[in-house]
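**Q** So that we are looking at the same thing, I have put the structure below in structure tokens.
The values are calculated or read from the model by the stated rules, or taken from the named source; none is laboratory data. Because the structure is a prediction, the values reported are computed rather than measured. Reconstructed Cβ throughout: ideal geometry from the backbone, glycine too, with neighbour counts over all protein chains shown. Note: areas computed on protein heavy atoms with side chains; ligands, DNA, RNA excluded. Shrake-Rupley method; radii C 1.70, N 1.55, O 1.52, S 1.80 Å.
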Amino acid sequence: MRLPTATLACLVVLVAGHARDAAAIVRCESADGKVTYSNSDCPPNTKAVRSIDLSPPVEVHERERPSAKGAAARAPARVEPSRARPADNPAQVDEELNAQLAEQRRACEARAREMQRLHDDVNAAAPDNRASAELALRRAQDDYKALCPRQR
């Protein structure tokens, strides 16, 4: 009678250990934004935000797809080079380009004004709000650099 009980106890310990290892990992966030990951319940004063999937990623093998039943493999579609626009009036094309440049200049000037406003906000920000004001300014500066050509 003792042997089956001992065997059963060992089996329970092994199964419990495996179940603990297979537990889902949970992302927990506190009210102040701190993130912790746990494989058990979230710590006090935090809430579970989402579970992390532990399954292995999907593997994609780079091999030829099997053809449909009895159908011959289709040749890839032929890409034709772009065609030039029909001969437009050069004055009209020049006018359109000038209008696009003027619109771009107006947009860049508006972005420059927005950056100046954000810079003033950084200077006037309270110490606890300064980091978010600096982040907004950096994002605006990055947008300006990406979208506005250098002024010559």
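**Q** Only one residue in Ala99, Ala146, Ala107, Ala140 is at pLDDT below 95, open to solvent by 70 Å² or more (accessible area, probe 1.4 Å), part of a helix (DSSP H, G or I) and not charged (D, E, K, R), so which one is that?
**A** Ala146
**Q** Every residue in segment 41-56 that is open to solvent by 70 Å² or more (accessible area, probe 1.4 Å) and either assigned to a loop (DSSP other than H, G, I, E, B) or hydroxyl-bearing (Ser, Thr, Tyr) (or both), please.
**A** Asp41, Pro44, Asn45, Ser51, Asp53, Leu54, Pro56
**Q** Could you give every pair whose Cβ atoms fall below 9 Å, whose first residue belongs to segment 94-114 and is under 15 Å from Pro149 (Cβ atoms), and whose second residue is surrounded by fewer than 11 Cβ atoms within 10 Å (Cβ to Cβ), counting only separations of at least 6 or pairs across chains?
**A** Gln104/Pro149; Cys108/Pro149; Cys108/Gln151
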